[in-house]
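Novice: Sharing a structure with you now.
The values are calculated or read from the model by the stated rules, or taken from the named source; none is laboratory data. The model shown is predicted, which means the values in this text are computed figures rather than measured ones. Heads up, the Cβs are rebuilt from the backbone with ideal geometry, glycines too, and the neighbour counts pull from every protein chain shown.
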Amino acid sequence: MSANPTNTSDVRGDRVVTNSTGYPYNDPFATQRVGQHGPLLMQDANLIDSLAHFNRERIPERNPHAHGSGAFGYFEVTDDITDICGSAMFSEIGKRTRFLTRFSTVGGEKGSADTARDPRGFATKFYTEEGNLDWVYNNTPIFFIRDPSKFPHFIHTQKRNPQTNLKDPNMFWDYLTTPENQVAVHQLMILFSDRGTPASYRHMNGYSGHTYKWSNKKGEWHYVQVHILTDQGIKNLTNDEAVEIAGKNPDYCQQDLYENIAKGNYPSWTVYIQTMTEEQAKKLPFSVFDLTKVWPHKDFPLRRVGKMVMNENPLNYFASIEQAAFSPANTVPYQEPSADPVLQSRLFAYADAHRYRLGANFHQIPVNCPYASKFFNPVIRDGPMNVDGNFGNEPNYYASNKQYQIPNQDRPIQQHQEVWNGPAQPFHWATSPGDIDFVQARDLYKVLGKQKDQQEHLAYNIGTHVAGADPEIQQRVIDMFSRVDEGLGANIRKEIEKNASAPTAKI
Ligand code: NDP
């Protein structure tokens, strides 16, 4: 068994089998009845204990990111970045910090197929001595929206039609081709390239997508984006391979991750950052807070930080993965969120989802405990399922006759960063996309042109997907991608026409 307190199991040493209050069974399968074959008795507390608990085994699945896999590992610093970030986890080369990563798909339900065309979540919780740090990232460096009020609206279109209970290409593409939502075109180019169907979690990258603000111990700060690049190399499935595997082995990526770690073939990733000053941000042709844009490598080169190695499977999937609660609000000194509005809304929404799924004391579940730092705040107490002793007889306020240590109070933080000014006002960012919203999609199309068959696969993957939609929606899709490249639009049209005569599998 692991010495790691986040990955343990509490099995009774003598292995005596009991009911949930510790009463040893005489016979786990005997039921109390009137005579041997008569009706059951209400007094059979063991049967009721077992059936009632069974009814409560499931907790609400995440909405979205319901379906996922994960494992533990360690992060090791390989390069000094103390000029950029003062967090203790980066303090010296060679330093290791334990982490948990959960990979996921986004739109599908908990039992859905691992190989679905979808972005992949790449969420990591680092157990640092300064508290738990969560990097709640994706395998795409950008996202579909930059305006957080769009999120529930958008996600609904990727899920099921309320009447047919089916995934619905009309809903899917109606949303995405509505002029003001075409800011998603860059992300759609990635999603419908073969990177939309990774061959395994081991063979994909993770990206912060959002801009963060990191500062050093002197209070100097930079905008930062994080890239976690796979050491196994990028490997993708074609659309048809992904469809076939979804049918034959829907748990393909779970199996791949578990079995590789179990046999000691530990996957690893190299962590890089891109940094930008406030002055550089002012000169960008787009907002530094726009989640639909990347920072070009030639202007903002990758700087290596460390490596992540996944070397320990969870002992129990439910305990460590289903109950894992990630939130971008979980941060450590010297790593701050930027004003990216989608990130700002996630700071609220993720922890709120866990309060709903797991309860107000979700941070007491071992996998979520900041065990390397320890939690002490006697004002945060009580609530359902309080299992950590509730700070015993500590006063439930900061009592004047007690000592409290506040070591962080002189740390330079946000007052040294941007200054915001202006009235409170409604602001709807995502107006009709300007040409700037197509520039990086065009750049990516050129990148795909250098990889064998990738422009053709993009057209095929889009054409196959949109073939099930109404002709008017299909035309909107062709028009939108023609704005990226005329040839791409024409090829999508050809693929739609081919599909009309011979329907092809799609996911
Ligand atoms: P470069 O020309 O320096 O490099 C191309 C980038 O594209 C590499 O990061 C590569 O990833 C990535 N890539 C290759 N195929 C795909 C795909 N199917 N889906 C997503 N990414 C892919 O990049 P630039 O910085 O000049 O940007 C050009 C375009 O590359 C951007 O518009 C963006 O779409 C894409 N990109 C850029 C990133 C960035 O942070 N600048 C990050 C990821 C994508 P790899 O190195 O793993 O091969």
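Novice: Considering only residues that are in contact with a Ser or Thr (Cβ under 9 Å, 6 or more places away or on another chain) and either among the polar types (S, T, N, Q) or not in a strand (DSSP E or B) (or both), look in the range 261-273 and name the one that is surrounded by the most Cβ atoms within 10 Å (Cβ to Cβ).
Specialist: Ranking the candidates gives PRO267 first.
Novice: Taking the range 188-207 as the search range and keeping residues that are more than 10 Å from the ligand (Cβ to nearest atom) and surrounded by fewer than 24 Cβ atoms within 10 Å (Cβ to Cβ), which one is nearest to GLU244 (Cα to Cα)?
Specialist: That would be ALA199.
Residue-wise test of (1) closer than 26 Å to GLU312 by Cβ; (2) in a strand (DSSP E or B).
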site	(1), (2)
GLU76	yes, yes
GLU92	yes, no
ASP118	no, no
ARG146	no, no
HIS156	no, no
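Novice: Do we find that GLU322 is away from the ligand (no atom under 16 Å from the Cβ) and touching a Ser or Thr at 6+ places or on another chain (Cβ under 8 Å) in this structure?
Specialist: Here the answer is no, as GLU322 does not meet what is asked.
Novice: Please specify each residue of the range 132-159 satisfying the condition of being under 18 Å from GLU109 (Cβ atoms) and modelled with pLDDT under 95.
Specialist: GLN158, LYS159
Novice: Report those helices (runs of 4 or more DSSP H) wholly inside the range 424-497 carrying at least 2 residues which are within 13 Å of the ligand (Cβ to nearest atom) and in contact with a His (Cβ under 6 Å, 6 or more places away or on another chain).
Specialist: Counting at least 2 such residues, we get 436-449.
Novice: Condition first: crowded, with 23+ Cβ neighbours inside 10 Å and basic (Lys, Arg). Now tell me which residues in the range 446-495 satisfy that.
Specialist: Residues satisfying the conditions do not exist here.
Novice: Is the range 37-59 home to any residue that is under 30 Å from PRO119 (Cα atoms) and free of Cβ contacts under 8 Å to residues at least 24 places away in the same chain?
Specialist: yes
Novice: Residue check, PRO328 against (1) away from the ligand (no atom under 16 Å from the Cβ); (2) surrounded by fewer than 21 Cβ atoms within 10 Å (Cβ to Cβ), all met but one. Which one?
Specialist: Going through (1) away from the ligand (no atom under 16 Å from the Cβ); (2) surrounded by fewer than 21 Cβ atoms within 10 Å (Cβ to Cβ) one by one, PRO328 breaks only (2).
Novice: Looking at THR124, is it of a type outside the set (A, V, I, L, M, F, W, C), in a loop (DSSP other than H, G, I, E, B) and within 15 Å of TYR201 (Cβ to Cβ)?
Specialist: On the way: of a type outside the set (A, V, I, L, M, F, W, C): yes; in a loop (DSSP other than H, G, I, E, B): no; within 15 Å of TYR201 (Cβ to Cβ): yes.
It is false that THR124 is of a type outside the set (A, V, I, L, M, F, W, C), in a loop (DSSP other than H, G, I, E, B) and within 15 Å of TYR201 (Cβ to Cβ).
Novice: Tell me which helices (runs of 4 or more DSSP H) are completely within the range 167-260 and hold 2 or more residues being among the β-branched types (Val, Ile, Thr), or say none if there are none.
Specialist: 185-191, 239-248
Novice: Out of ALA319, ALA325, ALA281, I need the residue that is small (Gly, Ala, Ser), closer than 27 Å to GLN187 by Cα and part of a helix (DSSP H, G or I). Which one?
Specialist: Answer to the selection: ALA281.
Novice: Continuing with this model, one more query. Might you let me know whether the range 283-290 holds any residue that is within 13 Å of the ligand (Cβ to nearest atom), under 30 Å from HIS416 (Cα atoms) and either in the same structural domain as GLU495 (by the TED database) or free of Cβ contacts under 8 Å to residues at least 40 places away in the same chain (or both)?
Specialist: Yes, there is a match, as at least one residue in the range 283-290 is within 13 Å of the ligand (Cβ to nearest atom), under 30 Å from HIS416 (Cα atoms) and either in the same structural domain as GLU495 (by the TED database) or free of Cβ contacts under 8 Å to residues at least 40 places away in the same chain (or both).
Novice: On to the next question. Here are GLU57, GLU61: which of them is within 30 Å of ILE190 (Cα to Cα) and not assigned by the TED database to the domain that holds THR277?
Specialist: GLU61
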